[in-house]
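What follows is one structure encoded as structure tokens, with my remarks underneath.
The values are calculated or read from the model by the stated rules, or taken from the named source; none is laboratory data. Since the structure is predicted, the reported quantities are computational estimates derived from the model, not experimental observations. Glycine gets a Cβ as well: all are built from the backbone with ideal geometry, and neighbour counts include every protein chain shown. Ligands, DNA and RNA are stripped out before the accessible areas are found, and what is left, the full protein with its side chains, is counted by its heavy atoms. Shrake-Rupley method; radii C 1.70, N 1.55, O 1.52, S 1.80 Å.
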Amino acid sequence: MKTFAYVTLCIVLTLLLAAHQTELSMAETITCNALQLSACASAITTPNPPTHQCCSKLKEQKPCLCHYLKDPNLKKFVNSPNARKVARICGSPFPTC
């Protein structure tokens, strides 16, 4: 019985490490470029709903949002109530930095 528990623990740990490595690999391939969010400009500055392209770009750039929030030129755009609304509509929760 102890052997089974040990094998199960090893499998779970291996799966967790593999999932974590996949997340790291995905984060490394993303190029942070605030211009990628220009597809969301209309949805953030007007009452228009976000487009599919906006939501795709927002999800793609999500790992970069904390970096953008630290930039004084981008913070007011990225941290606006409408930007948070767009993120919510797109199903991409706003990050906690």
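Residues considered: Thr14, Thr46. Of these, the only one that is of a type in the set (Ser, Thr, Tyr), more than 20 Å from the chain's Cα centre (by Cα) and at pLDDT 90 or above is Thr46.
Let's see how each residue does on (1) of a type in the set (S, T, N, Q); (2) surrounded by 17 or more Cβ atoms within 10 Å (Cβ to Cβ); (3) assigned to a loop (DSSP other than H, G, I, E, B):
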site	(1), (2), (3)
Asn48	yes, no, yes
Cys54	no, yes, no
Lys59	no, no, no
Leu65	no, yes, no
Asn73	yes, no, no
Pro95	no, no, yes
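When Ala87, Ala43, Ala83 are screened for being under 22 Å from Thr29 (Cβ atoms), open to solvent by less than 70 Å² (accessible area, probe 1.4 Å) and among the small types (Gly, Ala, Ser), only Ala87 passes.
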